[in-house]
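Beneath this line is the structure, given in structure tokens, with notes to follow.
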Amino acid sequence: MKQPEDVHLSREEGEALIGRLEHNAVSAEDRQLLVKLLTFYFWLLFALREAKLSLKRLKALMFGEQPKKPQPPSAGGVAGGGSADERETQTSASQDVSSSATAPTPEKKPPLPGHGRHGADVYRAAQTVECRHEELAVGERCPACGRGTLYRLLPGVEMRLNGNALLSAVRYELKKLRCSACGQVFTASVPAAAGREKYTAHARAILALGRYYLGLPWYRLEGFQALVGVPVADATQWDQTEIVGDCSYPICKCLETMAAQGEVIFQDDTPHRILSLIAENQQAQGKAKPEERTGMQTTALIVHVGPRRICLYYTGRRHAGENLEMLLRKREPGRGNPLVMSDALSRNNVAEDTLIRCHCLAHGRRKFSELDETFPAESAVVVNALKDVFDHDEYARAEQLTAQDRLAYHQRTSSPIMTELKRWLEQQTVERLVEPNSSLGKAIAYLLAHWETLTRFLMVPDAPLDNNTAERALKLAIRQRTNSLFYATEHSAYIASILTSVIATCVQAGVNALDYLVAIQEHR
């Protein structure tokens with residue numbers, strides 16, 4: 001269906017057209033406009049029904065293309081001073097000046113870390129094969145010049161990568177001999193290197209990583225293994241992975257005890273589904289008391305213990321606050337209160353006298369970033385100010401400042417920005433410059449209501465600014481939820497929590513998770 005012509009009709013023009021329709025005073029131009037409107041209506045229904053229209057394109061068709069945002073000034077935010085119009089004028093003027101001048105040749109920037117080819121040292125699990133010279137040896141005469149002698153250098157390195165199925169199989173054919181007189185059968189034994197069990201510790205660890213790190217559901221892995229000629233049933237995969245979970249249980253309990261003594265804790269949760277609990281909810285419909293909880297979620301607790309990070313996951317009916325409270329019960333008496341970073345949802349709260357609560361400043365900034373089209377000037381004031389604060393924190397991280405030096409640096413550079421920002425926010429509220437029930441008014445009220453916990457980094461050493469650490473950690477659980485949708489029972493969710501905790505902690509520590517899961521099985 002051909003896309004119709006664009007129709008630009010303001011609210012006043014539309015109301016005038018409705019009035020002429022009601023009084024039967026439609027002109028020829030009005031009839032042409034109505035034809036265009038009806039054509040656009042039918043085209044829009046067709047496009048939506050056929051899923052040929054994205055929300056971004058629909059928004060552009062309905063409201064027009066949005067102009068590109070101007071580049072923020074170098075000294076942005078409240079501390080930079082000046083209104084949004086003045087900053088925009090300065091930006092456009094500087095762009096005109098720069099375009100009129102002869103542009104210098106840009107310097108070649110160094111490559112970003114993490115880009116480019118991997119060196120041979122990153123393949124820590126690679127098998128090493130020593131290749132010797134077949135004709136030359138140390139101390140022999142040089143075959144090229146005939147004068148010098150050969151001596152040893154560091155070896156060169158060439159890498160070769162091979163591919164395998166996640167699970168591979170070895171078939172042992174055991175030779176059999178039978179006595180012609182007595183009939184006794186003599187069967188050859190399996191080599192000792194083959195082990196006693198059908199599934200090795202390495203195979204079980206691969207299954208655990210495939211399910212709880214890659215997020216592969218059992219049925220998909222079953223189909224893949226059948227495709228490559230080594231079929232393994234999904235129920236068998238679960239049975240073998242459960243063994244790894246049983247071996248990892250004491251490790252996870254030890255991690256909980258260590259994490260309870262941590263200095264900084266990040267907490268967050270995300271919805272998850274457990275079929276057995278959903279069945280309980282359906283059976284209890286109409287019978288359950290209003291206060292009984294029916295929701296299910298996965299909680300991530302990321303704990304800084306000295307220079308290390310411990311990752312703990314919990315899936316069930318308990319929310320993040322209850323899981324954190326259970327963890328803090330294992331904290332040794334006499335230890336100071338830990339810093340706990342979260343968003344401002346009530347389900348994250350516990351007994352606040354046992355911790356130092358910090359709230360995510362990135363959540364507060366996000367509320368204004370979402371309003372940049374509706375309230376561009378007001379949004380720019382807050383976003384630019386908080387951008388400077390986050391830039392200061394990034395500088396402190398890059399310079400590896402100590403906790404006390406970082407606190408002093410923020411108090412010197414970020415405190416004036418936050419003080420001026422708070423004054424501006426209060427001015428919008430006190431002078432009634434913003435409607436309190438509007439989206440902008442609610443965003444301002446959120447910042448002012450949680451100002452103390454949002455600015456904890458200006459008062460307490462090592463206090464974080466945002467909860468991005470926990471949100472990134474939850475991607476592991478979200479990956480599992482996206483691929484396999486649910487857990488069957490609370491037990492399978494518990495095994496998943498144990499193995500995800502151990503695997504994620506290995507990742508944070510730079511430890512080979514495959515070797516670790518094999519080791520805890522072999523040394524159970």
- Query: Does L324 qualify as being under 22 Å from the mean Cα position of the chain (by Cα) and either over 18 Å from P271 (Cβ atoms) or not in a strand (DSSP E or B) (or both)?
  - Reply: yes
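Results for (1) in contact with a helix residue (DSSP H, G or I) (Cβ under 6 Å, 6 or more places away or on another chain); (2) closer than 24 Å to V502 by Cβ; (3) not hydrophobic (A, V, I, L, M, F, W, C), shown as yes or no for each residue.
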site	(1), (2), (3)
A194	no, no, no
A208	yes, yes, no
L214	no, yes, no
P217	yes, yes, yes
- Selection status of I251, surrounded by fewer than 20 Cβ atoms within 10 Å (Cβ to Cβ), under 30 Å from K198 (Cα atoms) and within 25 Å of the chain's Cα centre (by Cα): yes
- Message: Quick test of your reading of the structure: C247 fulfils all but one of (1) outside any helix (DSSP H, G or I); (2) at pLDDT 95 or above. Name the failing condition by number.
- Response: (1)
- Scanning the range 390-429 for residues that are among the aromatic types (F, W, Y) and closer than 15 Å to W451 by Cα gives W424
- Query: Restricting the search to the range 189-213, which residues are in a loop (DSSP other than H, G, I, E, B) and without any contact (Cβ under 8 Å) to a residue 12 or more places away in the chain?
  - Reply: G195, R196, E197, K198, T200
- Item | Every residue from the range 230-273 that is closer than 19 Å to T315 by Cα, among the acidic types (D, E) and touching a residue at least 60 places away in the same chain (Cβ under 8 Å) | E242, E256, D268, D269
- Item | Residue that is surrounded by the fewest Cβ atoms within 10 Å (Cβ to Cβ), among those in the range 22-48 that are hydroxyl-bearing (S, T, Y) and part of a helix (DSSP H, G or I) | Y41
- Kindly indicate whether A504 is over 30 Å from G336 (Cβ atoms) and either in contact (Cβ under 8 Å) with a residue 12 or more places away in the chain or in a loop (DSSP other than H, G, I, E, B) (or both). no
- What single numbered condition from (1) farther than 30 Å from G229 by Cβ; (2) of a type in the set (D, E, K, R); (3) surrounded by fewer than 10 Cβ atoms within 10 Å (Cβ to Cβ) fails to hold for R171? (1)
- Would you say L216 is touching a residue at least 40 places away in the same chain (Cβ under 8 Å), touching a Gly at 6+ places or on another chain (Cβ under 8 Å), of a type outside the set (D, E) and within 27 Å of I520 (Cα to Cα)? yes
- Message: So if I check each of A165, A188, A193, which one is touching a Lys or Arg at 6+ places or on another chain (Cβ under 7 Å), over 30 Å from Y314 (Cα atoms) and of a type outside the set (V, I, T)?
- Response: A188
- From the list K387, K422, which residue is more than 26 Å from the chain's Cα centre (by Cα), in the same structural domain as G306 (by TED's automatic domain parsing) and not polar (S, T, N, Q)? K422
- Which pairs have Cβ atoms under 6 Å, sit 6 or more apart or on different chains, and link a residue in the range 336-353 that is assigned by TED's automatic domain parsing to the domain that holds Q267 and among the hydrophobic types (A, V, I, L, M, F, W, C) to one that is in a strand (DSSP E or B) and buried (at least 16 other Cβ atoms within 10 Å of the Cβ)? L339/V264; L339/I356; L339/C358; V340/I265; V340/R357; M341/F266; M341/C358; A344/H359
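The values are calculated or read from the model by the stated rules, or taken from the named source; none is laboratory data. Keep in mind it's a predicted model, so treat the numbers as computed, not measured. Quick reminder, even Gly has a Cβ in these numbers, built from the backbone with ideal geometry, and neighbours come from all protein chains shown.
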